[in-house]
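The next block holds one structure in the form of structure tokens; read it before the comments.
The values are calculated or read from the model by the stated rules, or taken from the named source; none is laboratory data. Just so it is clear, the structure is predicted and the values come from calculations on it, not from any experiment. In this analysis, Cβ positions are derived from the backbone assuming ideal geometry, glycine residues included, and neighbour counts consider all displayed protein chains.
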Amino acid sequence: MAILQPLIDMAEICYRQGIRHVVISPGSRSAALTLAFARHGGFQAHVCIDERSAGFIALGMAQQIDSPVVLICTSGSAAYNFAPAVSEAFFQQIPLLVLTADRPKEWQHQYDGQTIYQTGIFGSHVKRSFEVSPDYAHADVQWAINRITNEAINLASVAPNGPVHINVPIREPFYPDAGEDFRISDEVRIIKRQESEIVWPQSVWEELLDEWENAPKILIAGGQNKPNAALNAVLRRITEEWQIPILGDCIANLSGEEFIHHHDLFLSAENAQKLGPDLLVTFGMSFLSKEFKQFIRKNPPKYHWNISDDAFLADPFQSVTRVIRGKAAAFFEILFEKLDYQSFVENSDLGHDTSFHSLWLEHERAARQKKHEILRNLSMFNDLTLLDLIFKYTKNQYQLHIANSMSVRYANVLATDNDWSGVFANRGTSGIDGCVSTAVGAARVNGKPTLLIVGDVAFLYDRNGLLIDNLPQNLKIVVLNNAGGNIFRMIDGPGNLPELETFFETRHSFSAQRTCEDSGIAYFRVSELEGSEGTVKEFLNFDGIALLEGFTDPVENTKAWKVLKRALHN
């Protein structure tokens, strides 16, 4: 038997449970874990020297394949550097299996290198945290490691999905001898967890249908959600056949002109109160639009159903009256069947106010028309004109990834006319860290042309995600370089402070060019309208990974954005 046989078996358990990707950050204490997965032969191993970037690369992969990805690091502060990605995965419900090597407890506070308190290091930001014993020769420890590994994988994949942590203290020696055989033991046991489908009883449906009938004005709204063809199809039938407005931010992945996409532009208008619903039905995770959240808080519906797999009661609108546990697609399909049958039996319509749908569509069409009019009339080079040009020439098969701060807000207004194969953003914690690495991880496994829109600060903060071998050649990156955190100039508060440029925008003179040179990425740049169309086309048509950096003026960006946002507010 190998010195650390249970760790070799741990890799086999992961494989038999369907895991195929492992992201490894090099280290000594983690050598046994690394070798167990690297020598297994069944995993695609991705090596990243920076644990913070490694965490987000793994997150991007798991986000795409909807299956756990293993993360491995050595002991000490290396584990802490996984924390931003782990917290994002927790709030975005993405499955990760985090394996952190550790030193035995007796060496804590003994001035021994890379020894910190790693037990439960991620706190409440994991679904559960386990720790195994370093006494691997004991039969009970071998049994426990087998059971814990199975339990952790199952738990990561049970709705709501999320990260699970196993802390692995390892005693020396942990490097194998030259002739040591890495062979799976006969004691490997796989434990499957069988989940049951949620069934809503007839009594619940009777209550729901009563509330539906008592709500003339009905609105359905989607938060962050993965692309879901079945959900899209049933919602399209609901809005087309029943004339019920359905809205979603770009990250809701509701594709089609039948849906409301420009609510960010018109919900602050003086006459928007007429758009308040009697029944609001929400699904998905975070809502990007601050305007929509504030609008519902000011105009609370009589009923608010939230369809969710979440273990927590999330009520960002401060109006939830009923939480319906389950999948949104299944719920809406059954709802449609029941209401359709009821309408057939009673030989009547559903009784809700269809003019409410017309009113929403009227605002949507006016906002879309006004947006295009303003974009056509912008004569200065800025973030809006550059992104409008990029989205114009981006083919529909692209998957779109958007960094936080202004990038995701721009996309929520400008990227609505494209038929993306999916729109993704790290809105679990909404931080700027890891946006580049997440897109790199996604592009490595999605097999699709992938476009990342990212601001200069977020790019510089996460460029270590590009310092890996075999960068995905299907990735295109657009960096909006306005020499600082432009969002602070656009939001209320810091925009008028004398300390704006130094302490909020953090003005700088850096660019992405040298990062591209270091990483072998084709580099393009634009700084004015003249000639930008040709550069954008050349960038998008380039065969391989490429980066386009647009140098814009923050004052001009702010002016153009405020003109667009205020266009329909009266």
So, first residue without any contact (Cβ under 8 Å) to a residue 40 or more places away in the chain and assigned to a helix (DSSP H, G or I) in region 511-522, second residue surrounded by 14 or more Cβ atoms within 10 Å (Cβ to Cβ) and of a type outside the set (Ser, Thr, Tyr), Cβ within less than 8 Å, six or more apart or across chains; the pairs are Gln513/Arg525; Gln513/Glu549; Cys516/Ala522; Cys516/Leu547
Would region 298-320 turn up any residue that is over 29 Å from Gly162 (Cα atoms) and out of contact with any Gly (no Cβ under 9 Å at 6 or more places or on another chain)?
yes
Going by the structure shown, is Ile184 closer than 16 Å to Met10 by Cα, assigned to a strand (DSSP E or B) and of a type in the set (A, V, I, L, M, F, W, C)?
no
Being surrounded by fewer than 18 Cβ atoms within 10 Å (Cβ to Cβ) and over 23 Å from the mean Cα position of the chain (by Cα) is the filter here, so list the residues in region 295-318 that pass it.
Arg297, Lys298, Asn299, Pro300, Lys302, Gln318
I'm trying to understand the selection: among the residues of region 526-570, which are among the basic types (Lys, Arg) and in contact with a Phe, Trp or Tyr (Cβ under 8 Å, 6 or more places away or on another chain)?
Lys537
Can you spot a residue in region 59-66 that is modelled with pLDDT of 95 or more, out of contact with any Ser or Thr (no Cβ under 6 Å at 6 or more places or on another chain) and among the β-branched types (Val, Ile, Thr)?
yes
Determine whether Ala11 is within 17 Å of Ile166 (Cα to Cα), part of a helix (DSSP H, G or I) and in contact (Cβ under 8 Å) with a residue 40 or more places away in the chain.
no
Quick check on region 307-330. Is at least one of its residues within 17 Å of Val199 (Cβ to Cβ), among the aromatic types (Phe, Trp, Tyr) and either in contact with a helix residue (DSSP H, G or I) (Cβ under 7 Å, 6 or more places away or on another chain) or not assigned by TED's automatic domain parsing to the domain that holds Arg128 (or both)?
no
Enumeration of residues in region 535-566 that are closer than 29 Å to Gly465 by Cα and of a type in the set (Gly, Ala, Ser)
Gly544, Ala546, Gly550
On the basis of being within 23 Å of Asp66 (Cα to Cα) and part of a helix (DSSP H, G or I), does Ala314 make the cut?
no
Can you find a residue that is within 15 Å of Leu208 (Cα to Cα), surrounded by 15 or more Cβ atoms within 10 Å (Cβ to Cβ), not small (Gly, Ala, Ser) and not assigned by TED's automatic domain parsing to the domain that holds Ala415 anywhere in region 354-374?
no
Members of region 319-341 that are among the charged types (D, E, K, R) and under 19 Å from the mean Cα position of the chain (by Cα):
Lys327
Restricting attention to region 10-63, the residues that are among the hydroxyl-bearing types (Ser, Thr, Tyr) and in contact with a Cys (Cβ under 7 Å, 6 or more places away or on another chain) number exactly 2
